[in-house]
Structures are given as structure tokens and as C-alpha cells.
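Take a look at the structure below.
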């Protein structure tokens, strides 16, 4: 095990530093964010946990995926948009000294149908403050025009009032990664770029090249993690000959893949260039795998139940929130720091 870890470290380090000749050559700007493997393996567990359908277990952080590297996390607000089948939470992680926000990805029974729909979506929304920037209408609306945005902002306000001006980390997988990106941009414009960090997994493209450039300036501390032949990061499609008219990823990508065969194989985390569309990263493969999309760092990135948009909640949990006319609800509680103060 130690040998495997050391080999992984050496391979990753070599790829990060770059090499001459045929090898990858990476150039980092002085102000480029530094990729943190340990933090990423923690965040992937949050991105996995938000798929849990039992709201009680998720709100109390006692679910089957609410352990391990995320043990002790305190959920401040859980937002469930039943009408649009969306879910997210806001909470505080003491070990990270940060507010963590996670968005659930698509919960469609057939992910293939969702992918086919995604392929034909068009750029049809001009982003305010971004000249010629266009974004994916569906992803933009999923965050901005549902109860998610108000719930997230409310949760962040509660957390910062209780714990101070903590940094904010936003994560999500698949469509959840797309919403996490729009949320991170929103929060960076509110609280400042230095206070917000984004890490997504298996995220699709969400805008054109002008938007990607704008995004990278406003939220520079961003990493998009992709896995092997995961097909979702290849969608909506990128057309190399029409860079300004097509969808375009923002930087910086970290591509996970294995080299070698069988027991001689080693996992690699490749830090890609700053273009967002590095031809030597995930774009170098066909991107035709759903199974690669559903697993990141060994974590299950999908629903815990096969049914579409299933919600389980004990009756007494309803007292922690409000339900609108469409059945959408947000559960929130007084942060533990305030409770300890009241007891004193």
C-alpha cells in the first residue's frame, strides 16, 4: 500500500511540475490556486452525501454517507425543491474552518435520457456584467430561479453570523456541479473572490468562452475534477473550430485516470492547463462512460434509492422549516455556537 501511494505521489508530482520533450508541460501563474488532494477527497464525500433521500438523516448528519472524512459536520440549512427535484445543504465543517455548500446532481431514473436532453440545449442567456457571455439556460435557472438560491444565501448568513467570516466552499457532482458553479459565482460577487472556493466533480459545460473567461476572473479558486472517460464533462459539446460560439469549460481541470494494467496500475491526478479545454486531459479520450461518471475517488456519486426524487422525512422534522404551496421546503436550525451561548 505504501509503495502504491508513493508511486501515485511521484507520478502526480511529475505531471504537476511538467517535463521536456513529449511530456506534459504545465505553466502556473503566480496567483493560480494550488490543488489540494486531501481537501478534494473530503469534498467528494459531501458531494456524495447530498444525494441521500432521507431528509432526516441528512439534516441530522447521521446518514450512511455522513461519516468518514465529514464526521462532525453541522448542517445549518437543508433546501429541497420538490417541484424541480433539486436538493442542497449549507453547513459548517470545523476541520476545514469553512462553510460547505453541496448540490445534488440529477436524480433521473435514466441518466442516459438526461444526457441526451443536455446535448441539445442551447446558449440562450446573457450573463449580467459579462460582455458576449452566454450560459446554459437550464443550469442557470436551476440555481437562480428556484428556492435554492434564497435558501443557500439564508444558510450562509446564519452560519457567518454564528461562526464569523468563514471561507465558503461549494461543491457538487454532475448537474449539481453546474449549480455549484453558478452559486460560487454568485457568492464571490457578494462576499469577494478571496472568500469563495469551488470544487466540482463530473461537471458539464455551462457557458461559452466569454463566460468562461469572466468566471475564471471572478472565481479563480476553482477546480473541476473529471474522471477517466466520464461523458458528462464532454457535454454540451465543444467545437474546436468555433471557440467563441460553442460551450467552453472554465479552468482549472484536474483529470483522474489510471496508467498501467491490473495490479501494476496507478491512479493519476493530472493538473491541466489554464485554458479550460486542455486537449491532453479529459478531451484526449472519447468520453463515453456512465460508470466513470458515477464514481469519484471511490465515492458513489448517485442516489441511494432507485426512485425519482424520493423524499423521506419524519413528521417532527417539519417543525424545523417551512413548506410552500408546491411542497418545496427548507429546514434550518440555530447553529450550535448560538445554542452553547444561550446555555451559558
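Taking the highest mean first, how do the peptides 217-226, 266-275 order by number of other beta carbon atoms within 10 angstrom per residue?
Numbers: 217-226: 22.1, 266-275: 18.9.
Packing order, densest peptide first, comes out as 217-226, 266-275.
Among 82-89, 228-235, 140-147, how do they line up from the highest to the lowest mean number of other beta-carbon atoms within 10 Å?
On the way: 82-89: 20.9, 228-235: 22.8, 140-147: 18.0.
Going by the mean number of other Cβ atoms within 10 Å, highest first, we get 228-235, 82-89, 140-147.
Could you list the residues of region 118-159 with an amide nitrogen less than 15 Å from a label point located 7 Å from the Cα of residue 245 in the Cα-to-C-beta direction?
122-124
Order by neighbour count: 301, 179, fewest other Cβ atoms within 10 Å first, most last. Don't jump to the answer; show the numbers that get you there.
Working: 301 24, 179 32.
Listing 301, 179 from fewest to most nearby Cβ atoms yields 301, 179.
Give the order of 285, 334, 254 when sorted by the count of other beta carbons within 10 angstrom, beginning with the fewest. Walk me through the numbers before you get to the answer.
Working: 285 17, 334 13, 254 21.
So the ranking, lowest neighbour count to highest, is 334, 285, 254.
Work out, step by step, the length gained on full extension between residue 286 and residue 84: first 0.36 nm times the residue separation, then minus their alpha carbon distance; give nm to one decimal.
Numbers: separation 202, 0.36 × 202 = 72.72 nm, distance 3.12 nm.
So the extension gain works out to 69.6 nm.
Where Rh is the Kirkwood radius over the Cα pairs of region 246-302, the temperature 20 °C and the viscosity 1.002 mPa s, what D in µm²/s does Stokes-Einstein return? Don't skip to the end; give the middle numbers.
Numbers: Rh = 12.8 Å.
The diffusion coefficient I find is 167 µm²/s.
When the Cα atoms of region 38-343 are enclosed in a convex hull and the volume is divided per residue, what value in Å³ results?
For region 38-343, the hull spanned by Cα atoms encloses 134 Å³ per residue.
Full extension from residue 94 to residue 216: what is 0.36 nm times the residue separation minus their Cα-Cα distance, to one decimal in nm? Walk me through the intermediate numbers first.
Details: separation 122, 0.36 × 122 = 43.92 nm, distance 2.79 nm.
Computed gain between residue 94 and residue 216 is 41.1 nm.
FYI, it's all coordinate maths here, none of it is from the lab. Everything quoted here is computed from the prediction, not taken from an experiment. Using ideal geometry, Cβ is built from the backbone for each residue, glycine included, and neighbour counts are taken over all protein chains shown.
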